[in-house]
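Participant: Sharing a structure, written as structure tokens. Questions coming.
What follows draws every value from the coordinates through simple rules; no lab data is involved. These numbers were taken from a predicted model, which means no experiment stands behind them. Glycine also receives a Cβ, built like all others from the backbone with ideal geometry; neighbour counts cover every protein chain displayed.
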Amino acid sequence: MRKNVNTSLPILTPLSPRKQMKQRPAMKKRKHKEQRQHKNHAAAALQNSRCEPSLRSHPRPSECQDERAARIATLETFDAFAGLRNGLRKVAEMKGEWAGIPMPLEGERLIIEPKFNKGRELADIGAPAKVEDTNGEVIRNQFWSTSRRQTILIWQEKDGRLDWGPIGRGHHFDYDLKTLMCSQAWGLEQEQAALQTMAGLVRHHQMKQYVLTGMFMEQSKRSKVFYLFRRLKPTIAMRADAYSMRILCAMCLHPIAYYEGTWAGAMCPTDDVLAHLMLMRGDEHHFWKSANQHPAWRPEAGL
């Protein structure tokens, strides 16, 4: 029995190699034309998107004076020294003191840079009273004892005899405790601003180390000395060899003022770290010249 065949479908026959060679240039031209049309459409879409106005967020309404005053009052209820600190900042702005005014604290002796305006008068505010010597004893000399890890004081008695005795301790707990008490001179607002400034001056991993540990390291491009910058501690200068790191000294420097017997400066802690970092980068020789260089074994080094 014969099957019905659908004759409506075209019968495809392969082209001869000669006809295929003739159709290749036409196919290439058609492909290039499609690519040009696609590029033109993409360029037109990009141009239209540039001409359209960008979507901008609505500006945040400005905070009224009453709300801002209420927020400041709330902050000052938690920080009893915020009012005095803000007042000193306003006075400094009025008088053009770019570095602010150091904040005197009761019972702490404030050591201020001699060139600072009215530095001597500020240092006398809140400083402990000087105790007069009524026994007639005179201090003759003092030196550091490595074996005792203490300062040895030599004095002369009233009858002319010489005597000696150790003063201080072989650790820096007194420095830590007094530094903690001096934290009243700083505000969270100033420390936060200093952290934002530091974030633009150091690498990401250095900033991460500083936030998590309170210190980071950087090598000088001039002297190849490594510096370990620490918050509320002197900067450690080190030199590396093939096997280890050798501590050169601990460098203590406060640009404006500091409280005697502490590691606390008149500026917030990160501002002091920024001063060390920028001075090391800009004028390393002046950094060594201006800083107090403490040996690693002294309690003042903070090691």
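Participant: Give me the dipole magnitude in Debye, nearest 20, for the range 152-303 about the Cα centre, with unit charges on the beta carbon: positive for Lys and Arg, negative for Asp and Glu.
Facilitator: Rounded to the nearest 20 debye, it is 620 debye.
Participant: Let me ask something else about it. What residue among MET238, HIS286, GLN190 has its Cα farthest toward the positive end of the dipole of the range 173-301, where the charges are +1 on Lys, Arg and -1 on Asp, Glu, each on the Cβ?
Facilitator: The residue sitting most towards the positive pole is MET238.
Participant: May I ask you to list the GluC sites (Glu not before Pro) in the range 82-191 that are in a DSSP loop and have at most 10 other Cβ atoms within 10 Å of their Cβ?
Facilitator: Passing sites in the range 82-191 are GLU106, GLU132.
Participant: Let me make sure I get this right: for the range 173-301, a, b and c are the square roots of the gyration tensor eigenvalues over alpha carbons, sorted descending. Under 1.5 in a/c it's rounded, otherwise prolate if a/b > b/c, else oblate. Which is it?
Facilitator: Taking the square roots of the gyration eigenvalues as a ≥ b ≥ c, the range 173-301 is oblate.
Participant: Another question about this same structure. In whole angstrom, how far apart do the alpha carbon centroids of the range 139-163 and the range 263-303 sit?
Facilitator: Centre-to-centre (Cα) distance: 29 Å.
Participant: Separate question: Compute the distance in nm between two label points, each set 7 Å from the Cα along the Cα-to-Cβ direction, one at GLN150 and one at MET181.
Facilitator: 2.1
Participant: Cα-Cα over 24 Å: which of LYS178/LYS233; LYS208/LYS233; LYS90/LYS118; LYS158/LYS178?
Facilitator: LYS158/LYS178
Participant: May I pose another question? Ranked highest first by average number of other Cβ atoms within 10 Å, how do 140-146, 225-231 line up?
Facilitator: Ranked from most to least packed, the peptides come out as 225-231, 140-146.
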